[in-house]
1. Search the range 32-57 for residues that are among the β-branched types (Val, Ile, Thr) and pair each with any residue that is modelled with pLDDT of 90 or more and loosely packed, with under 13 Cβ neighbours inside 10 Å when their beta-carbon atoms are under 9 Å apart and the residues are at least 6 apart or on different chains.
2. Would you point out which residue out of LEU33, LEU52, LEU47 is over 16 Å from GLY6 (Cβ atoms) and either among the hydrophobic types (A, V, I, L, M, F, W, C) or in contact with a Ser or Thr (Cβ under 9 Å, 6 or more places away or on another chain) (or both)?
3. In the range 37-65, how many are within 27 Å of LYS17 (Cβ to Cβ) and open to solvent by 50 Å² or more (accessible area, probe 1.4 Å)?
4. Among the residues of the range 14-36, is any modelled with pLDDT of 95 or more, open to solvent by less than 60 Å² (accessible area, probe 1.4 Å), in contact with a strand residue (DSSP E or B) (Cβ under 8 Å, 6 or more places away or on another chain) and part of a helix (DSSP H, G or I)?
Amino acid sequence: AYPIAGFTWLLAYADQKYGGRSQEQGKALVDLLWWITHDGQKFNETLGYGQLPTGAVTRAASIISSMNYGGVKLR
C-alpha cells in the first residue's frame, strides 16, 4: 500500500504580536510547527503517512524560523 500523500496548508502571521496574544502563545505556536515538521515526522509511518520531503522540511524551517513577536525571533 502507498502512504497517504498530500500537504495541509496553515496560515499564520509572521509577527505573532497581534490581537492581545502573549509572547508565550507565539512561542508555543512556533514550537508546535517545528515539532510537526521535524520531530513529529517519526510518527508518520505508523499512522500510514509518508515523511515530508527534505525540500519541504527545509522550506518550513526557514518560514518557521522567520516568525517573531514584535521583531523578537521566537526560534
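The values are calculated or read from the model by the stated rules, or taken from the named source; none is laboratory data. These numbers come from a predicted model, not from an experiment. All Cβ positions, even for glycine, are placed from backbone atoms using ideal geometry, and neighbour counts span all protein chains on display. The accessibility values were calculated without ligands, DNA or RNA, using every heavy atom of the protein model including side chains. Shrake-Rupley method; radii C 1.70, N 1.55, O 1.52, S 1.80 Å.
1. Pairs found: ILE36/LEU10; THR37/ALA56.
2. Numbers: LEU52 fails: over 16 Å from GLY6 (Cβ atoms); LEU47 fails: over 16 Å from GLY6 (Cβ atoms).
The conditions single out LEU33.
3. From the range 37-65, those within 27 Å of LYS17 (Cβ to Cβ) are 37-40, 57-65; that's our starting set.
Going one step further and asking which of them are open to solvent by 50 Å² or more (accessible area, probe 1.4 Å), we end up with 38-39, 58-59, 62-63.
So the count comes out to 6.
4. For the range 14-36, residues modelled with pLDDT of 95 or more, open to solvent by less than 60 Å² (accessible area, probe 1.4 Å), in contact with a strand residue (DSSP E or B) (Cβ under 8 Å, 6 or more places away or on another chain) and part of a helix (DSSP H, G or I): present.
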